[in-house]
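Encoded as structure tokens, the structure appears first; notes follow it.
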Amino acid sequence: MTESQRPSGEYPMHPSYGNGDAAYPPPPSYRPAEPIATGPGTTVWPGGNDGSGGGSGGNGAGGPDFPPPAPQEPAAPRQRARRPVALLAAVAIAAAIVGGGTATVVEQLTGGGTNSAASEVVPGTTVSQSSKGTVSGVAKAVSPMIVEINATSTAGESTGSGVVITSDGEIVTNNHVISGASSIKVTLSTGRTYTADVVGTDPDKDLALIKLRGASGLKTATLGDSSAVAVGDQVVAIGSPEGLTGTVTSGIVSALDRDVTVAKEDGSGQGQGGQGGGEQWPFEFGGRQFNGDTGESTTTYKAIQTDASLNPGNSGGALINMNGEIIGINSAMYSASSSNGSSGSSAGSVGLGFAIPVNTLKADLDTLRAGNSS
């Protein structure tokens, strides 16, 4: 064999493929990725090459291929896109919390609420929440339940008041208003007139129950709790003094548990004043007689004292608390002029009125409805 006489270094020397310390191109330092066979005639290389050509090793010839770089860059934009959303959500939540707190503070300062106070009703009454505690609100709510009573007897005619307690026309009043009456006429706040019959009387408590003939659908009063009454409580009185139907006065409870004595004999013909000139109903207190002689047959009860103006004709009407509940049945009044011997019909209120506690009435209702009298 002959050797080439070319000078050394004239031509670059390339090591033979696989025959030297290093082969060209150098093999990868890891196992080449294997193609993925997905179906006949289709080969998919990892990294997205489908073997259809283009790129080193991507020609389907089985040559080595380099895997694509890890998808780190695409993930970063998605992460950055989520951060503003999370930030906006946090800001929205914080704004809602701050807004709610601000609304609460404003509501506390202004007394406002989500519900209309005017639509709320005090339980057991027809007094709206907005009118609760006002004389006008109580008067508007309770006046339709207060009636005028005209009782006719052989001694004349007396005028008093009464309280409607059932929708079919049961009415509570004082015994002395209807005592000895041969006929009873009742006038509602609407002006409609009914004839009434006596259901039961209790002269010992100065209470009576009458019922209207043919009545239905009447508004009824709510009986409260007189044991909860305290001195100084504001009250409203409604009745028909001197035949002036639906007269409203107001005041406070000035004393409790007054021992008031009134006459109870039937047929006395005495009423709590009236358009016919009837005398005021006499009573005793502290061993003294007021508004005339009480007679021999009397009864004594614990009364609520009030400075709400009561006049002849208020007897049997309602003493009402500021929730619109009946706490007493007005029954007696003091008149300075009548105690001095002047005509009872000219006497007026001087701020000393008395009412039978409503708890006394509630305890006596069954007896009155049974038609019993003592």
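So with the 1.4 Å probe, I'd like the accessible area per residue for segment 144-276, rounded to whole Å².
Values: 4970 Å² over 133 residues.
Per-residue value: 37 Å².
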Quiz item: Label LEU244 and SER227 with points 7 Å out from Cα along Cα→Cβ: what is the distance between them in nm?
Solution: 3.8 nm
Quiz item: So which lysines pass the test for LYS140, namely a Cα distance under 25 Å, with those fewer than 8 places away in the same chain ruled out?
Solution: LYS132, LYS185, LYS211, LYS219, LYS362
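Cβ neighbours within 10 Å, averaged per peptide: list 234-244, 312-322, 172-182, 296-306 in order, most packed at the top. Walk me through the numbers on the way to the answer.
Working: 234-244: 23.0, 312-322: 30.3, 172-182: 25.0, 296-306: 18.8.
Taking the mean over residues of other Cβ atoms within 10 Å, the ranking is 312-322, 172-182, 234-244, 296-306.
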Quiz item: With all protein chains present, how much of the accessible area of segment 126-233 (probe radius 1.4 Å) comes from carbon and sulfur, to the nearest whole percent?
Solution: 47 percent
Self-check item: Potential lengthening between ALA255 and LYS219 on full extension [0.36 nm per residue; Cα-Cα distance subtracted]
Solution: 9.9 nm
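Arranged from highest to lowest average of other beta-carbon atoms within 10 Å per residue, in what order do the peptides 213-222, 351-360 appear? Please report the intermediate quantities before stating the final value.
Working: 213-222: 14.8, 351-360: 23.1.
Order by mean packing, descending: 351-360, 213-222.
Subtracting the Cα-Cα distance from 0.36 nm times the residue separation, let me have the gained length for ALA370 to SER183 in nm, one decimal. Numbers along the way, then the final one.
Numbers: separation 187, 0.36 × 187 = 67.32 nm, distance 2.06 nm.
Stretched fully, the ALA370-SER183 segment lengthens by 65.3 nm.
The values are calculated or read from the model by the stated rules, or taken from the named source; none is laboratory data. Everything numeric here is computed off the predicted structure, so don't read it as measured data. Backbone-built Cβ (ideal geometry, glycine too); neighbour counts: all protein chains shown. Only protein heavy atoms, including side chains, enter the accessible area calculation; ligands, DNA and RNA are left aside. Shrake-Rupley method; radii C 1.70, N 1.55, O 1.52, S 1.80 Å.
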